[in-house]
C-alpha cells in the first residue's frame, strides 16, 4: 500500500498493551499523560453529548432529531478535514447511517449510549456508580494498565510526554515525537497541524463543582499523585 507508518490513537488500546506487543513486536508507544480531572471532565462531556441525542439513557428508538443535528454538527466540526468527518461518521454508525440501533457504539455498551474504553468488569462498576465516577474510573483504569506495562517496553520503543507541555510548546514536542519515529517535518507540515487551545488545561477547576470533585476524589487521587499532579490526598481541601 506504500504506507511506512500506521498510527492508532484509540484510548482503548491502553488496556491491551501486551496484546499489541505480541501482534506488533516492532511497535512504538507514545504515552501522553494528562491531568486525570481534565480527562474525566472531557469523557463526561462526551457521554452527555451522546445521551442528548436520545430522550433518556436507553431510549434508543426515541431520537430527538433537533438535538441530533446540533450535536452532530458540533461533533463533526471538530474534525480537521472532510475525509476525517466521513471516517468519524462511518465509525459512529458502522456504515449504517439509517439504522439507529447501530449508532453511537450501542453494540459495545449493551444497548446503552456510551463512549470510551471498557475496562474489566465495567458493567458492574457502571451499575454501582454515578456516570461521573464511572468516567473517572475509565481514566484511572487505563492509566493503571499503562503504568503496569510501561517498564516492560524497550527504552527505544517508548516515549512519554505531558499534554500540558504540548500546549505550552507544541512545535518542540511534535519535533520530539517525529525524532522518536525517525521522521522529519518541514514548515508545510507544521502549518498543517491543527492549532491546540492553549487554555485547554485545568478546565476542571472552572467547570467541576465541589460536589463533582468529591465524587471523583478517591478514584483519581492515587494516580494523580503517582503522576506528579498532586502531592497529597488533601488537594481538594486546598482549592
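Bear in mind these aren't lab numbers, they're just calculated from the coordinates by the rules spelled out. All values reported here derive from a predicted model rather than from experimental measurement. Please note: Cβ atoms are built from the backbone with ideal geometry, for glycine as well, and neighbour counts cover all protein chains shown.
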**Study point:** Residue order, fewest to most surrounding Cβ atoms within 10 angstrom, among 211, 169
**Key:** 211, 169
Point to revise | Separation in nanometres of the label points that stand 7 Å from Cα toward Cβ, at residue 85 and residue 190 | key: 2.9 nm
Review point. What is the extension gain from residue 174 to residue 150, computed as 0.36 nm multiplied by their sequence separation minus the C-alpha to C-alpha distance, in nm to one decimal?
Key: 6.5 nm
**Study point:** Ranked 232, 130, criterion: other C-beta atoms within 10 Å, fewest first
**Key:** 232, 130
